[in-house]
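Working notes, structure below.
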Amino acid sequence: MSIQILRDLRGLRVQVIHPPDGEGVSLVEHLRRIGCSVEAQWPVPEAFASTADVVLLAVDSDSRDAIRKLLKTVDGIPPTIIAIVGYENPSTLQLVLEAGALAVIERPVRPFGLLTHLTLARSLWMERQDAERRVRKLERKLAGIQKIQRAKSILIANQGLSEEDAYATIRQQAMAKRIPMEEMASAIINANDLLTYRGKGD
């Protein structure tokens with residue numbers, strides 16, 4: 001994966017949120033030399049660029065409120081954020097943590113090390129996305145198991161089946177209808193809930 005990340009740096013879409021001073025201009029120029037597609041913005045915008053893969057964000061006390069407002073606009077998967085800081089103090093570090101920054105560049109910004117920061121931050125971001133996908137997959141699997149277990153309990157209680165026979169019944173009905181077992185289990189649960197509701201109404 002590391003080799004692929006290095007290859008992908010060329011053409012990486014980078015949003016630089018930094019004052020347009022000499023340091024900011026130099027940063028944009030170096031990113032372009034690396035091969036990145038760069039969009040520079042200042043003051044702090046109301047939202048991250050929808051096309052940004054990576055955001056280099058200047059973090060300082062004067063922009064604290066604007067940065068917090070910007071962070072609240074993230075909906076879905078956030079971009080890879082690299083913070084640029086001029087000094088270390090608890091409030092600045094707190095803001096860096098709130099931003100979810102995966103790397104920190106200290107001022108004065110130097111070209112040396114920028115490629116390393118980009119590569120490491122992008123690698124961490126990809127690993128985080130992979131981990132979240134695995135967690136979501138496991139959560140869906142667990143939810144499916146719980147549905148099947150509940151459907152089995154319904155069949156056991158209502159039809160007097162053994163646990164093995166209840167499982168086999170769900171499996172056979174799912175195969176007959178050509179749907180996943182979890183979907184069949186949901187249908188059994190919904191039907192039982194409907195009958196229970198009607199029974200209470202009577």
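The values are calculated or read from the model by the stated rules, or taken from the named source; none is laboratory data. All of these numbers come straight from a predicted model, not from anything done at the bench. FYI the Cβ positions are ideal-geometry reconstructions off the backbone, even for glycines, and counts take in every protein chain you see. These accessible areas exclude ligands, DNA and RNA; they are computed on the full protein's heavy atoms, side chains included. Shrake-Rupley method; radii C 1.70, N 1.55, O 1.52, S 1.80 Å.
With every protein chain in place and a 1.4 angstrom probe, the accessible-area ranking of Ile156, Ile17, largest first, reads Ile156, Ile17.
The calculated FRET efficiency for the pair Thr119 and Ala143, based on their C-beta separation and a Förster distance of 41 Å, comes to about 0.65. For the pair Glu46 and Val135, the difference between a 0.36 nm per residue extended length and the Cα-Cα distance amounts to 28.9 nm. Accessible surface of His117, taken over heavy atoms with a 1.4 Å probe and every protein chain present, rounds to 60 Å².
Taking the Cα centre of the stretch 59-192 as reference, the dipole from Cβ charges on Lys and Arg (+1) and Asp and Glu (-1) amounts to some 400 debye.
Over the stretch 111-202, what is the relative contact order in percent, taking alpha-carbon pairs closer than 8 angstrom and at least six residues apart? Intermediate values should be presented prior to the final figure.
Values: 42 pairs, mean separation 23.1, N = 92.
Across the stretch 111-202, relative contact order equals 25 percent.
Largest first, the residues Lys137, Lys152 sort by 1.4 Å accessible area into Lys137, Lys152.
Given a 1.4 Å probe and the protein chains as shown, Glu46 ends up with an accessible area of around 140 Å².
For every helix of n ≥ 4 consecutive DSSP H residues, a contribution of -39,500 (n - 2.57) applies; sum these over the chain, divide by its total residues, and give [θ] at 222 nm rounded to the nearest 500 deg cm²/dmol. After summing the helix terms and dividing by residue count, I get -20000 deg cm²/dmol.
Here the spin labels are modelled as points 7 Å beyond Cα on the Cα-Cβ line, and at Asp62 and Val104 they lie 2.1 nm apart. Against the chain, whose longest principal axis comes from its Cα atoms, helix 22-34 is set at around 60 degrees.
Surface analysis of the stretch 51-202 yields an accessible area of 64 Å² per residue, using protein heavy atoms and a 1.4 Å probe. Full extension of the chain segment joining Glu39 with Tyr87 gains 14.8 nm, where the gain is 0.36 nm per residue of separation less the Cα-Cα distance.
Over the chain, what percent of the accessible surface lies on carbon and sulfur atoms, probe 1.4 Å? List each step's numbers first, then the result.
Working: 6740 of 12590 Å².
The value for the chain is 54 percent carbon and sulfur by accessible area.
Fully extending the segment from Leu195 to Gln172 would add 6.0 nm, taking 0.36 nm per residue of separation and subtracting the current Cα-Cα distance. Close Lys pairs in the chain (alpha-carbon distance under 29 Å; sequence gap of 8 or more, or different chains): 10. For the chain, relative contact order (Cα pairs under 8 Å, six or more residues apart, normalised by length) works out to 15 percent.
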